[in-house]
Amino acid sequence: MTIVTGKTGARQELRPARWSLLLQKIWEHRADYAYVLPAIVVMLIVIAYPIYYTVELSFFNTPPGLQLRDKIFIGFDNYTAILTSQVFWKVTWNTLVWTLASTFISFALGFAAALALHRDFVGRGVLRAILIIPWVISAVAASYIWKWIYHSDFGIIGAVLVGLGLTDRPPNFIDSVSTVLPSLIVVNIWREFPFAMIMMMAGLQTVPDQLLRAAKVDGANAWQRFWHVTFPHLRDVSTVTILLLAVANFNSFIIPWIMTGGGPSNASHIWITHIYELAFGRQRWGVASAYSVLLFLFMMTLGYFYVRALSGNERKEANS
Amino acid sequence: MAHVVLKDLIKTYGSFKAVNNVSLTVNDGEFVALVGPSGCGKTTTLNLIAGLIPITSGDIFIGDRVVNGLDPKDRDIAMVFQNYALYPQKSVYMNLAFPLQMRKLPRDEIDKKVREAAKVLDMTQLLERKPRELSGGQQQRVALGRALVRDPAVFLMDEPLSNLDAKLRVQMRSEIKRFHQDLKATIVYVTHDQLEAVTMADRMAVMNGGFLQQYDSPAQVFAHPANMFVASFVGSPAMSLIPLEVSTANGGTVLTSAEGWSLPLSQLNARKVLGATTRKIVLGARHSTIKLHKSAAPGAIPAKAYTVEPTGDVTFVQAFLSGAIVNISVSPNIAVTPDEHIWLEFDQERIHLFDGETEMALQAD
């Protein structure tokens, strides 16, 4: 008993000491806090307040136009309306297909390109530069270029297919409900696989040469060396790359919006384009806000895993 | 086990010759150390034997087989690397099993061999751990084990101890030596540390600038260095090398210094220097063969102590003669202070004489 009381007594004594220690530490770093203060203030104005306002709006029925003073509190009605609407599920499905397909195919292509470029051959530098081009081109410009490539009357793909005699009439890539989403995904993959390539190329350079040599001496062939040495070593950078791609794809806007505007009949709407259309096209601020809140929650979950993957790396490095 | 023969081995990178006409034979069951400073070509030579880099010209025999174009896996070698090169995601057991799995051995045989190797290296209790959970010494033992399970013809070791701390290095040094004695293994061992080579190897191949400088037992290399490089590389502290000139005085042959003093030579040594094509001679003497006098003595050369380093067993005194640093070891009960005047006496029987131009050791014909 005496030991227990002794312990709690000590802890109670510790607490104020710890507080004053914290304050002392803050005071010692007062200049540092002063330096980040402007950034924090700006962040509060341009990020924190809009987030708060979006959450607030999501509980209101808002009139069209910007007369938001006339909004009416309706609780979770916006959310129930969204979750029971057919469009929501359609758009969610599109978003999932868009994100998963874009992310994993971009990653696979980028990884393959990185592996190919990791070897030494003549023209490697030129090829590397060429493969990065899609990523450095502005997404807007790329969208317009691809719109022309896909064009049903003047598009080069259609012309080539007809020229080869594979089809009588040029296919209608982005005006057809069934082909529009895959067509857009192709553009998105084309645009972002160089990012995965760069990440994986950087990762490949960190694979210890000695390990590969050891595997060679141990009798592993090229594929076995890849599977037993290179691939496990790239697990962390792969996780980060895939997460970053997934976040970027969830938040995609430019390509679908410019190329199709979400059409035809919502076939290429993903969350962001749909929210944008609800808010700035149909001026349904409340519903759009509720949509945004749902997306925000979803993204925060992804972000949580991203941070955990990153800090997991650090913990591992600290241990080794 | 098998012997290894290198014949006129050359490796060039562009115009740079990393390995230059190296020929040597490693006998069956012999422990040979390739030793030299950074960039001397020792690791390149080892990688050539392993087949990790292609040779430019020459031949490599392992056993009676020419292995020039063979893949590393077909050369019947095992290699231990400086950074251990353990597979970080695999347990110790899987690390040891990996080379056997690659050779598609049946599972029960793999298990038997892995457990045997673990027993030999006393790490049965570590089998389930990951490399990151092991100390440096344990990791190195796993690396040895991974080489051992294969029962290869030749073990190639690339500076396996240089990542360990000093104390562990000494311990692992004797473990590897014991490993060699127990297995009668043929080992080619690369190190930049001449002490490791001297203490562990049956024969040491001293390399510099891609050339094999001398290939002999450590005792021979120590007693009869072939040239100035070997003389200065093997032994610690290094052999003192003093540049002098030959002249005659009172009918005898002497070495004279630009500082004005001269050293009369014995008949044998005189024959050696007179056989040289140049008058420039370098006098070599190991620290233990130079006698230090605290007052003038016949035949002793005056100098001034520069630094004094007590190590406990012996005290090392450094002085300058003819612009060269001279190391002398004295008993710790002889007190020498820096800047004190001292007199140095060379032992005619134990000095080394080198041609000042070719840098080769001079022999009496």
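When peptides A:233-243, B:186-196 are ranked by their average number of other Cβ atoms within 10 Å per residue, the highest-first order is B:186-196, A:233-243. A Cβ-based charge dipole, computed about the Cα centre of chain B with Lys and Arg at +1 and Asp and Glu at -1, lands at about 940 debye. Principal semi-axes of the equivalent ellipsoid, √(5λ) from the alpha carbon gyration tensor of the range A:98-213, are 33, 15, 13 Å from largest down. Residues in the range A:43-55 carry Karplus couplings, in order, of 4, 4, 6, 8, 10, 5, 5, x, 4, 4, 5, 5, 4 Hz; the curve used is 6.51 cos²θ - 1.76 cosθ + 1.60 with θ = phi - 60°, and Gly or Pro positions show x. Summary of packing: across the peptides A:61-67, B:297-303, the per-residue average of other C-beta atoms within 10 Å ranks them, highest first, as B:297-303, A:61-67.
Quick one: Cα centre-to-centre distance for the range A:128-188 and the range B:13-36, in angstrom? Cα centroid of the range A:128-188 versus Cα centroid of the range B:13-36: 60 Å apart.
Before rounding to the nearest 500, sum -39500 (n - 2.57) across all DSSP H runs of length at least 4 in chain B and divide by the residue total; then give [θ] at 222 nm in deg cm²/dmol. Walk me through the numbers before you get to the answer.
On the way: 9 runs with 92 residues, N = 365.
Calculated at 222 nm, the ellipticity per residue is -7500 deg cm²/dmol.
Under a 5 Å amide H cut-off, with hydrogens placed 1.01 Å from N, residue B:19 pairs with B:11 among residues at least 5 apart or on other chains. Per residue of peptide A:217-226, the mean number of Cβ atoms on other chains within 10 Å of the residue Cβ is 6.
If a/c stays under 1.5 just call it rounded; otherwise compare a/b with b/c (prolate if a/b is bigger, oblate if not). Do that for chain B, with a ≥ b ≥ c from the square roots of the Cα gyration tensor eigenvalues. It is prolate, given that a/c is not under 1.5 and a/b is the larger ratio.
What shape does the protein assembly as shown take by its C-alpha gyration tensor, where a ≥ b ≥ c are the square roots of the eigenvalues and a/c under 1.5 counts as rounded, a/b above b/c as prolate, and the rest as oblate? Prolate is the answer for the protein assembly as shown, as a/c is 1.5 or above and a/b outweighs b/c.
What FRET efficiency, computed as 1/(1 + (r/R0)^6) with R0 = 25 Å and r the Cβ-Cβ distance, is obtained for residue B:297 and residue B:224, rounded to the nearest 0.05?
Result of the calculation: an efficiency of 0.30.
As a size descriptor, the averaged projected area of the C-alpha convex hull of the range B:240-355 was calculated at 6.9 nm². A simple spin-label model places the labels of residue A:307 and residue B:259 7.0 nm from each other, with each point 7 Å out along Cα-to-Cβ. Considering all different alpha carbon pairs of the range A:86-314, the Kirkwood hydrodynamic radius works out to 19.8 Å.
Packing around the peptides B:177-184, B:331-338, taken as the average count of other Cβ atoms within 10 Å per residue, puts them in this order, highest first: B:177-184, B:331-338. Since only A:126, A:38, A:204 are under comparison, the one whose Cα sits farthest along the positive direction of the charge dipole of the protein assembly as shown, derived from C-beta charges on Lys, Arg, Asp and Glu, is A:38. Under the rule a/c < 1.5 gives rounded, and otherwise a/b versus b/c splits prolate from oblate, where does the range A:180-223 land using the Cα gyration tensor? Verdict is oblate for the range A:180-223.
In chain B, Cα pairs under 8 Å separated by at least six residues give a relative contact order of 16 percent.
Distance between the modelled labels on residue A:120 and residue B:348, one decimal in nanometres: 5.8 nm (7 Å Cα→Cβ projection). In this structure, the amide hydrogen of residue B:31, modeled 1.01 Å from its nitrogen in the peptide plane, lies closer than 5 angstrom to those of B:187, B:202, B:203, counting only residues at least 5 positions away or on a different chain. Taking every pair of alpha-carbon atoms in the range B:37-182, give the share separated by more than 17 Å as a whole percent. Result: 63 percent of Cα pairs exceed 17 Å.
FYI, it's all coordinate maths here, none of it is from the lab. Since the structure is predicted, the reported quantities are computational estimates derived from the model, not experimental observations. Positions of Cβ are backbone-derived with ideal geometry, glycine not excepted, and every protein chain shown enters the neighbour counts.
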